[in-house]
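K.L.:
Just passing along the structure, written as structure tokens.
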Amino acid sequence: MKQYFSKINQVITKAVWGIWFLDPPKDVSLDGYRIDNTIQYTDTVITFYFSVVVLALVYFIFKYRSRPGHNAQYDRGDSKKNLIATVAMGLLVFFSIDVVIEAMSFKDLKEAFWKFPKGSDVVRIEVMPQQYAWNVRYPGPDGEFATEDDIVPPLNLMHIPVNKPVVIQIAPWDVIHSFYIPNFRVKVDATPGMINAMWFQATETGEFEIACAELCGNSHYRMKGYLTVESESEYNAWLTSLAEEEDEWEEWDEWDEDPLEEVTIPEDWGWPWKEIR
Ligand SMILES: [Cu+2]
């Protein structure tokens, strides 16, 4: 039964997405399937109900049409029978869709999205969006944020190792933004005055888009970041190369030719990491 249902799910999802010429971005995360399942469940059940309603409508239009020997009747539809049927159908939709996806969502939050990983294995990253770019920060060799040896890659670049849990803490420099990685099915708002957190884990290497999912100004549409998922050794090599570059920048500072002068926010924008969950 369950297999049968998931088969119908696949067919309908393919049909719905196919019609819109929009294939969903490939899911490359540990828990993204949970979001997809909830969407597919909603799509399937709604498509089924919609089909039933349309078929019934067509059938009744044909059956009760005006024709020789039969006049079409006007019915106000306010009899007790009609009311009971209407309320019953409303409740059916409410319990079979709303209540079910609510239950699915809370299960997913409990089992995955709110169950933050702990321990030394966790990759921690601070993100500070600004109009219209992503600032990213790694703790550096001392493992602490907001210290001298933090690693700050060029704007809009984030690298993470594959198959390792990644925790993001995020706070905006200016207005509300939202950190969204469609291929991971996760999104977290950056709210002025708050530090928000989110975690995810990549299951495949590759290059993926970071999008801003909160209308944040007139260039919101081009607020794009680049997420690279790579092997742990490649990731470590990237961090090391950045740390070395930063040393070079310090020498540049001494020559009073700061290559970062175009960046409007100070380079030391980080905050001490605090476990939020
Ligand atoms: Cu934005």
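K.L.:
Criterion first (at pLDDT 95 or above and farther than 30 Å from Val167 by Cβ) does Val45 satisfy it?
P.N.:
Answer is no for this residue.
K.L.:
Mind listing whichever residues of the stretch 120-131 are buried (at least 20 other Cβ atoms within 10 Å of the Cβ) and within 16 Å of the ligand (Cβ to nearest atom)?
P.N.:
Answer for the stretch 120-131, where residues must be buried (at least 20 other Cβ atoms within 10 Å of the Cβ) and within 16 Å of the ligand (Cβ to nearest atom): Val127, Met128, Pro129, Gln130.
K.L.:
A follow-up question, please. Considering only residues of the stretch 100-119 that are farther than 17 Å from Ile276 by Cα, surrounded by 12 or more Cβ atoms within 10 Å (Cβ to Cβ) and not charged (D, E, K, R), which is farthest from the chain's Cα centre (by Cα)?
P.N.:
Val100
K.L.:
For the stretch 64-90, enumerate the residues that are part of a helix (DSSP H, G or I) and either modelled with pLDDT under 90 or surrounded by fewer than 11 Cβ atoms within 10 Å (Cβ to Cβ) (or both).
P.N.:
Lys80, Lys81, Ile84, Val87, Ala88, Gly90, listed by residue number.
K.L.:
Right, something else. Can you find a residue that is assigned by TED's automatic domain parsing to the domain that holds Ser231, in contact with a Leu (Cβ under 8 Å, 6 or more places away or on another chain) and not in a loop (DSSP other than H, G, I, E, B) anywhere in the stretch 114-128?
P.N.:
Within the stretch 114-128, none of the residues are assigned by TED's automatic domain parsing to the domain that holds Ser231, in contact with a Leu (Cβ under 8 Å, 6 or more places away or on another chain) and not in a loop (DSSP other than H, G, I, E, B).
K.L.:
Inside the stretch 166-180, can you point out the residues that are within 16 Å of the ligand (Cβ to nearest atom), of a type outside the set (Val, Ile, Thr) and in a strand (DSSP E or B)?
P.N.:
His177, Ser178, Phe179, Tyr180
K.L.:
More than 22 Å from the chain's Cα centre (by Cα), in the same structural domain as Leu215 (by TED's automatic domain parsing) and not β-branched (Val, Ile, Thr), is that true of Pro139?
P.N.:
yes
K.L.:
Any idea how many residues of the stretch 167-195 are out of contact with any Phe, Trp or Tyr (no Cβ under 9 Å at 6 or more places or on another chain), touching a residue at least 40 places away in the same chain (Cβ under 8 Å) and surrounded by fewer than 20 Cβ atoms within 10 Å (Cβ to Cβ)?
P.N.:
Number of matching residues: 3.
K.L.:
For Glu214, which of the numbered conditions (1) in contact with a Ser or Thr (Cβ under 6 Å, 6 or more places away or on another chain); (2) within 16 Å of Asp27 (Cβ to Cβ); (3) within 16 Å of the ligand (Cβ to nearest atom) fails to hold?
P.N.:
In the conditions (1) in contact with a Ser or Thr (Cβ under 6 Å, 6 or more places away or on another chain); (2) within 16 Å of Asp27 (Cβ to Cβ); (3) within 16 Å of the ligand (Cβ to nearest atom), Glu214 misses (2) alone.
K.L.:
Among (1) surrounded by fewer than 17 Cβ atoms within 10 Å (Cβ to Cβ); (2) within 25 Å of Ala211 (Cβ to Cβ); (3) over 22 Å from the mean Cα position of the chain (by Cα); (4) of a type outside the set (Gly, Ala, Ser), where does Thr147 come up short?
P.N.:
Among (1) surrounded by fewer than 17 Cβ atoms within 10 Å (Cβ to Cβ); (2) within 25 Å of Ala211 (Cβ to Cβ); (3) over 22 Å from the mean Cα position of the chain (by Cα); (4) of a type outside the set (Gly, Ala, Ser), the lone unmet condition for Thr147 is (2).
K.L.:
Looking at (1) within 16 Å of the ligand (Cβ to nearest atom); (2) surrounded by fewer than 19 Cβ atoms within 10 Å (Cβ to Cβ), which is the only condition Trp134 fails?
P.N.:
It is condition (2) that Trp134 fails.
K.L.:
Now for a separate question. Before we move on, is Ile35 free of Cβ contacts under 8 Å to residues at least 40 places away in the same chain and either assigned to a helix (DSSP H, G or I) or touching a Phe, Trp or Tyr at 6+ places or on another chain (Cβ under 6 Å) (or both)?
P.N.:
No: the conditions fail for Ile35.
The values are calculated or read from the model by the stated rules, or taken from the named source; none is laboratory data. Because the structure is predicted, anything quoted here is derived from the model rather than measured. Please note: Cβ atoms are built from the backbone with ideal geometry, for glycine as well, and neighbour counts cover all protein chains shown.
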